[in-house]
There are 2 protein chains.
Amino acid sequence: MKIKKFIIKGKDIIMQSAREQFFQYLARKKLRFTSQRAIIFDVFWSVDGHVSPEELYRMTKEKDRSIGQATVYRTLKLLSDAGIAREVDFSDGVTRYEPYYGQKHHDHLICQECGQSVEVVDPRIEKLQEELAWQHGFTLSGHSMYLYGYCSQCSGKQA
Amino acid sequence: MKIKKFIIKGKDIIMQSAREQFFQYLARKKLRFTSQRAIIFDVFWSVDGHVSPEELYRMTKEKDRSIGQATVYRTLKLLSDAGIAREVDFSDGVTRYEPYYGQKHHDHLICQECGQSVEVVDPRIEKLQEELAWQHGFTLSGHSMYLYGYCSQCSGKQA
DNA sequence: TTACTGTTGATTCTCAGTATCAAATTCATT
DNA sequence: AATGAATTTGATACTGAGAATCAACAGTAA
Ligand SMILES: [Mn+2]
Ligand SMILES: [Mn+2]
Ligand SMILES: [Zn+2]
Ligand SMILES: [Zn+2]
């Protein structure tokens, strides 16, 4: 109970910080923190998962009928640039976004049967990636890594 | 000279084997090794790089004016299924294909400035990926890993 | 107020990739 | 060779994600 409350409070604080960072980013770029952007941010943050622009569009519409789809796309791009959202691509044709503020970097392990995804990270891999790039004279600025397979439930059903 | 000749000969042998594997695959699936498929295969193989369907379409047209774009798309898909081509996605909006027969698995290191890509592989990373999936109860069937950064030429020009 | 800059939603557009389909080709049997 | 079934083809229409356009709108500062 206490722990859960603590966690929720923690998440809430993070949310406020992220909101603040978004605000700061906009200010720095002389852009405005409009009501639409606020709504989109809030819904996006409350989902806290891997959400496509179209999904988010549907959800924001429930809060505000008048919000346009283009604005959702635009805002997600802004959130990316501000460093509080990240694009993820599970190779199923839709680009998704996930909250990224204060979150450690992670990669994804995806079940090809049921679609569930697990967030994973291995510091040793991260280190080796850096080395690998270095060996080829590259300055590494980022990477994307997706591990595809079958989860414990689904690998039983496999042929 | 001799070495180059040997390499070319080697490549040629591989090409023949890949062609043979394509043929076998088609036979197994009761599909036909048509002239169009042969042409597309040959051009694809001669390019030996990361080529988009549209690029390949343009190139095959130079060999045979009458080949349709749909056939190129279809054939690339067949080559994928046959295990002699692989889709690659450098996150620039186009899916590319690369020959994959007899080639060791590799990942890609991409320069975000000039677009050049380097094929890389680190057995230690591959191993750790396997372990990582295992730890989460997953059976790993594949992965995609792209390292983004700036090559030695381009990192000089960086701001 | 005015002038200016950024924002919005609707709409149109683009572009990769797919679905459709009638005509053509190839294969299997007779 | 003739028949008929199965596969393949290229043209064309279509789809769906995302971007571009644009006129109306909303803050901002003088
Ligand atoms: Mn994630
Ligand atoms: Mn490659
Ligand atoms: Zn599963
Ligand atoms: Zn470069």
field: region A:56-76 residues that are farther than 21 Å from A:ARG86 by Cβ, paired with ones that are open to solvent by less than 30 Å² (accessible area, probe 1.4 Å) and assigned to a helix (DSSP H, G or I) (beta carbon under 7 Å, 6 or more apart)
entry: A:LYS63/A:VAL43; A:ILE67/A:THR60
statement: Of the residues in region B:113-126 that are charged (D, E, K, R) and more than 9 Å from every other protein chain (Cβ to nearest Cβ), the one that is surrounded by the most Cβ atoms within 10 Å (Cβ to Cβ) is B:GLU126
- request: Residue by residue through region A:127-142, note down the ones that are facing chain B (nearest Cβ under 7 Å) and either over 12 Å from B:TYR150 (Cα atoms) or aromatic (Phe, Trp, Tyr) (or both).
  value: A:LEU128, A:GLN129, A:LEU132, A:PHE138
- prompt: Exactly one of (1) without any contact (Cβ under 8 Å) to a residue 12 or more places away in the chain; (2) open to solvent by 30 Å² or more (accessible area, probe 1.4 Å); (3) of a type outside the set (D, E, K, R); (4) outside the structural domain of A:TYR57 (by TED's automatic domain parsing) is unmet by A:ALA133. Its number?
  reply: (2)
Answer residue from region A:19-49, given it is touching a Phe, Trp or Tyr at 6+ places or on another chain (Cβ under 6 Å) and without any contact (Cβ under 8 Å) to a residue 24 or more places away in the chain and is most open to solvent (accessible area, probe 1.4 Å) among those: A:PHE23
query: Going by the structure shown, is A:VAL72 surrounded by 15 or more Cβ atoms within 10 Å (Cβ to Cβ) and assigned by TED's automatic domain parsing to the domain that holds A:THR34?
result: yes
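The values are calculated or read from the model by the stated rules, or taken from the named source; none is laboratory data. If you're wondering where the values come from, they're calculated on a predicted model, not measured in any experiment. Neighbour counts run over all protein chains shown; Cβ positions are idealised from the backbone, glycine included. When the accessible area is computed, the model is the full protein with side chains, heavy atoms only, and any ligands, DNA or RNA have been set aside. Shrake-Rupley method; radii C 1.70, N 1.55, O 1.52, S 1.80 Å.
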